[in-house]
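This report concerns only the one structure given below.
The values are calculated or read from the model by the stated rules, or taken from the named source; none is laboratory data. No experiment lies behind these values; they were computed from the predicted model shown. Here the Cβ positions follow ideal geometry from the backbone for every residue, glycine too, while neighbour counts run over all protein chains shown. Surface areas here come from the heavy atoms of the whole protein model, side chains and all, with no ligands, DNA or RNA. Shrake-Rupley method; radii C 1.70, N 1.55, O 1.52, S 1.80 Å.
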Amino acid sequence: MISSAMKAVSSKNPGRVAYINARLLDPASGLDEVGGLFTDGTKIADLGPRLFNDGLPEDSQIIDCAGLCLSPGLIDMRVQLREPGAEHKETIESASRAAAYGGITSMVALPNTEPVIDDVAVLEFLARRARETKLVKVYAYGTVTRGLKGRELTEFGLLTEFGAVGFTDGLTAISDSQVMRRALSYSRTFGQVIVQHPEDPALASGAMNEGEVATRLGLAGIPTAAEVIMVERDLRLLELTGGRYHVANVTTAAAIEAIQKAKRQGLSVTCDTAPHYFTLNENAVGDYRSFAKVSPPLRGEADRQAVENALSDGTIDAIASDHSPHDQDSKRLPFAIAEPGIVGLESLLPLSLQLYHNGRASLLDVLAKLTTGPAEILGLSGGSLTVGAAADLTLFDLDKPWQINPDAFQSKSKNSPFTDHPVQGLVRRCIVDGRCVYDPDDKKES
Amino acid sequence: MTDTGHTADILGFAHRHLLGIDGLTAEQITFLLDLSDSYVALNRSDDKKTSLLRGRTVINLFFENSTRTRTSFELAGKRLGADVINMSVSSSSIKKGETLIDTAMTLNAMHPDVLIVRHPDSGAVKLLSEKVNCAVINGGDGSHEHPTQALLDALTIRRRRGDLQGLRVAICGDILHSRVARSNIQLLGIMGARVRVIAPPTLLPSNIERLGVEAFIDMREGLKDCDIVMMLRLQTERMQGSFVPSIREYFRFFGLDHEKLQAAKPDALIMHPGPMNRGVEIDSELADDIDRSLIRDQVEMGVAVRMACLDALTRTLRSNSQDRTSAQAGGAS
C-alpha cells in the first residue's frame, strides 16, 4: 500500500493529494465511513464517502489507504520539549520526529524549560525552532508565575498575543491560593485557560502512591488526598472568580468526582489524564522501577479504574501523552530521588486505543479525546476533518498488534515502563498541513 | 458671582461632617456645586481672599502622604481667612486604633473648627469624627471615600457639559483600591449619570455591580459611547505581578491611548485625579491634549470645591456667633 506517495515529504508545496479507500473518522461530526479525502496544498479541499465516485482528480497524487483509519491529526496537549535547557534529553527536532511517528500533528509544550516560558522572547525562540524543524505544529503554554516561583503573574496578555495557548506552571502546582485566585481572575481578560498540576506540594513530597506497596517498599507515600485537596480548592476559587480551569493528569476517583460535580454546577472546568494512569497502577513500580515514577504517582487499582470509567463517561475531556523525557542519569538513581516522568509521544495512540479494544469507549470517543477534546480546551483550530481546515491527518491501522519497544523510539530519551507491552493500533502515516511528515514505508524517511 | 448661595437655606447643608458622598442628596450635592461655582469666580479674581473664616482654625491632619490634596485644602482655608495648620503623621509611626483616638482627643483640646483628615485605613476618618467636637472633612480614607475629589470631578464635568444627568461615565483602572472610584460611583449615580467601571478582573472589587454600575474587563467594550473617561492611578507596587503582571502589559490593555479612546464618543473628555503615571494608565500626549483632557481643570476646581465645603460646614458655627463676627453668612460674595 501507499506506494505512489513518496515525494510529499520535503517538497515546499504539498500539491494535491487524494486519499482513497480510507475509513474516515471524525469525532467532531460523528463521521465513520469509508470514503475519500482530498487535500489541496495545506488544506482539506473535500471529503466524504462518495467523494471520488466520479473518478479520481487529475494532477494529484493518489494514496490508496486500503481501509485504514484516517482521522484528524492528534493533538497532544502536554509535552515537555526540554529545549531550551536540557537538549541532552530531548530537542524540538527529536520530539517533533517522535510526535510524527506517534501520529501527533500538534503538540503543546509545557513552559518548564530553561529559561522558562514566562517571557515573549522564549515563545519567539520556540516558534522559530519549530519553523526550522518544520515537522509537526508546536504550540506552547506560558507560565502562570514568573520563573515558576509561584508568586508574580506573568504577562498573560502579551504572551497570548505572541501565541501562548494557555497558562500553567507545568509540574509545579500553584499552591498559593491568592496567586491562583488572581491567575484565574486575570486570565478572564484574555479568555485563557489556567492548567493546574493537581497536587498539594506539601502533601505530595513522597515518591509514590501512599498505600501498601509504598509501605512494603519503604518509600514515602503521596496520598490521593493531595490531588483532591488541590482540585477542590481550585474549584472554589473558580466559582469565586469565573475564568477557565483545566486539571492536568487526573489520577484519583476523588478528584474525578469533584470535577464531575463542578461540571454539573456549570463551572468552566475540564481535565485530562495520561495513558499510564489508565493503563498501569502502583504495582508497576514493582522492584523500584524508576521508569514507573511519575507525578502525580501511579495510583492503586481502584483509582486506575475510576480514571478509565471517567474516560468512558466523558468526565475526562482529553488524553495527553504527558511526554517527559529523561536521560539515564536522571532515572538510574534510588527511586526516591529519580526524576518523575515517562516518554509518551510514540505510545499515545496505541495505549489510548486499548480503551476501544477493551470495549471501554467507542472509537470516535477515544479519538475525540486526542483531537477535538484538546482543541476545544485550548482553542486550537485543528482536531476535525473539515473542508477548508488545515490538512493535519493521521492514518493508522486500528487492529495491528505490536509490542512497544522504547529502544526504537525517535525520542532522545527511552524512559518508558511499557517495554514489550502488547498493543493494537499502528500509525501508518502522519500528515501536517498536507505534507507527509512520517511514512514508515518510505525508506528515506527513517 | 452667582447668587445660588443666597437662594439656598441659610445653613444650606444639614451635615456636621463631610465624611463621604454616601448619605448626601442630589439637592445637597447641587448646593455644594453651586457654591463651588461662586468660589471659582473668586479664585479667578485678583483679590482671592475673604474673611469668612477669620479667627477659625482649620487643621490638615494627614496620616498619609499627599501634596495636591493637602495644598488644595490649605489654599482653600487660607483664601477663606482661616488659620490653617498642617499636621503630617507618618502612618508607620502610629499604631492604629487607640493612638488615632488619642491624636483626635489631643487635637480636640486645641479647639479647632474644622479637621481635614486623610488616613490610609478605610473608616478611620469616621472613627475620628466621633471623638471630636469640630467639623470633619474626609480628605480620603483608605479605599473608602474621597468626597471632595468626587465633588470637584462633578463640578468639572458640570461646567463643561452643563449637567450630569444622563451622561455615560467610564471609570477605568484600579477600582479595587480606589476611594476616588467609590465616591464618584456614589455621586454620579445620585446625579443621574450612567456609570461604568473598566478594569482587569483582579482590580475589580466583588459585587461592584451592586453599586449601580456596569463592569467591563475590556477597554474598547467599556468605553463604547462614553461621554467622560475617568482614569485612575495605579500604584507601582500593584503592577509587578500581584494584581497586574507588568507596566507594559497594563498600558497595552488598560492604558488610555488614542486608539482605545476611539471607542468612546468623538467628543469624550478625559479626567484623572492625579498624580498621573504617564505611559502606565494614560498616554502622555493624551493627558496633555487640551481639547480632550480636563485634568488641569480638575485641579482648579479642587480649590473652589474645598472652599465651598469649608464654607458649608462652618455655617452653623458662624450663625451661632454671628454677633461676634462680620462673616457674610450668605456665601462667598
Checklist entry - With a sphere of radius 14 Å drawn around the Cβ of A:Asp322, what net charge do the other residues whose Cβ falls strictly inside it have (Lys, Arg +1; Asp, Glu -1)? => result -2
Next on the checklist: Can you give the local net charge around B:Tyr39? Use residues other than it whose beta-carbon is closer than 9 angstrom to its beta-carbon, Lys and Arg +1, Asp and Glu -1.
Outcome noted: 0
Checklist entry - Among A:Thr279, A:Thr143, A:Thr189, which one shows the biggest mean-square fluctuation in a GNM of chain A, springs joining Cα atoms closer than 10 Å? => result A:Thr189
Checklist outcome for this item: If one compares the long axis through the Cα atoms of helix A:253-265 with the longest principal axis of the Cα atoms of chain A, the angle in degrees, nearest 10, works out at 70
Checklist entry - Quick one: ranking A:Thr273, B:Thr25 by accessible area, 1.4 Å probe, largest first, what do you get? => result B:Thr25, A:Thr273
Next on the checklist: Less than 17 Å from a label point 7 Å out along the Cα-to-Cβ axis of A:Glu257: which backbone N atoms in the stretch A:294-310 qualify, by residue?
Outcome noted: A:300-310
Item to check | Subset of A:Lys137/A:Lys412; B:Lys49/B:Lys126; A:Lys369/A:Lys400; A:Lys293/A:Lys412; A:Lys331/A:Lys412 violating a 23 Å alpha-carbon distance limit | outcome: B:Lys49/B:Lys126
Next on the checklist: Rg and Dmax in Å for the stretch A:73-378, alpha carbons only: what are they?
Outcome noted: 17.8, 51
Item to check | B:Met110 accessible area, 1.4 Å probe, all protein chains in place, Å² to nearest 10 | outcome: 120
Checklist entry - Given the rule -39500 (n - 2.57) for each run of at least 4 DSSP H residues, summed and divided by the residues of the protein assembly as shown, what is its mean residue ellipticity at 222 nm, to the nearest 500 deg cm²/dmol? => result -9000 deg cm²/dmol
Next on the checklist: Need one value for B:241-253: mean number of C-beta atoms belonging to other chains within 10 Å of its residues' C-beta atoms.
Outcome noted: 6
Item to check | B:Arg238 paired with B:Ile85, simple spin-label distance in nm, labels 7 Å along Cα-to-beta-carbon | outcome: 3.4
Checklist outcome for this item: To the nearest 10 degrees, the tilt of helix A:225-241 (Cα long axis) against the first principal axis of the alpha carbons of chain A is 80
Item to check | Alpha-carbon Debye profile of the stretch B:263-309, log10 I(q)/I(0) at 0.16, 0.23 Å⁻¹ | outcome: -0.50, -0.85
Next on the checklist: Please give the Cα centre distance for the stretch B:24-95 versus the stretch A:41-61, rounded to the nearest Å.
Outcome noted: 81
Checklist entry - Taking the Cα centre of the protein assembly as shown as the origin and placing charges on Cβ (Lys, Arg +1; Asp, Glu -1), which of A:Thr394, B:Leu42, B:Ile157 is farthest toward the positive end of the dipole? => result B:Leu42
Checklist entry - Simple spin-label model, 7 Å along Cα-to-Cβ: B:Arg161 to B:Asp257 in nm? => result 2.6
Next on the checklist: Taking R0 as 45 Å, what FRET efficiency do you get between B:Met276 and A:Glu132 from their Cβ-Cβ distance, rounded to the nearest 0.05?
Outcome noted: 0.50
Checklist outcome for this item: With the stretch A:90-163 reduced to its Cα atoms and the Debye formula applied, log10 I(q)/I(0) at q = 0.16 1/Å amounts to -0.56
Checklist entry - Once you charge only the Cβ atoms, +1 for Lys and Arg and -1 for Asp and Glu, what is the size of the charge dipole of the stretch A:228-294 about its Cα centre, to the nearest 20 debye? => result 180
Checklist entry - Within the P(r) computed for the stretch A:25-162, what percentage of the Cα pairs occupies the region above 26 Å? => result 41
Checklist outcome for this item: Taking a label point 7 Å from the Cα of B:Lys48 along Cα-to-Cβ, the residues of the stretch B:292-307 whose backbone nitrogen sits under 13 Å from it are B:299-307
Checklist entry - How far is helix A:348-357 tilted, in degrees, relative to the longest principal axis of the Cα atoms in chain A, given as a value from 0 to 90 rounded to the nearest 10? => result 90
Next on the checklist: I'd like the Kirkwood hydrodynamic radius of chain B, using the inverse of the mean 1/r over distinct C-alpha pairs, in Å.
Outcome noted: 20.3
Next on the checklist: Kirkwood Rh and Cα-based Rg: tell me the resulting Rg over Rh for the protein assembly as shown, rounded to two decimals.
Outcome noted: 1.13
Checklist entry - Which stretch or stretches of the stretch A:326-344 have amide N atoms under 14 Å from the point lying 7 Å from A:His88's Cα along the Cα→Cβ direction? => result A:326-332
Checklist outcome for this item: Nearest-0.05 FRET efficiency for A:Asp399 and A:Asn13 at R0 = 41 Å, using Cβ-Cβ distance, is 0.75
Checklist outcome for this item: Placing each pseudo-label 7 Å from Cα in the direction of the beta carbon, B:Ser122 and A:Glu114 end up separated by a distance in nanometres of 4.6
Item to check | Computed accessible area, A:Thr105, all protein chains, 1.4 angstrom probe, square angstrom | outcome: 0
Checklist entry - Per residue and in Å³, how big is the convex hull formed by the alpha-carbon atoms of the stretch B:123-215? => result 100
Item to check | Summed buried accessible surface, chains A and B, 1.4 Å probe, nearest 100 Å² | outcome: 1500
Next on the checklist: Only four residue types carry charge here, +1 at the Cβ of Lys and Arg and -1 at the Cβ of Asp and Glu. Report the dipole size of the protein assembly as shown about the Cα centre in Debye, rounded to the nearest 20.
Outcome noted: 1920
Checklist entry - Which FRET efficiency, nearest 0.05, do A:Ser60 and A:Tyr288 yield, Cβ-Cβ r, R0 41 Å? => result 0.15
Checklist entry - Longest exposed-loop-site-free stretch of chain A, with GluC sites (Glu not before Pro), DSSP loop and at most 16 other Cβ within 10 Å? => result A:88-446
Checklist entry - Using +1 on the beta carbon of Lys and Arg, -1 on that of Asp and Glu, and nothing else charged, what's the dipole of chain B about the Cα centre, debye to 20? => result 500
Checklist outcome for this item: Cβ-Cβ cut-off under 13 Å around A:Asp407, Lys and Arg +1, Asp and Glu -1: the net charge is 0
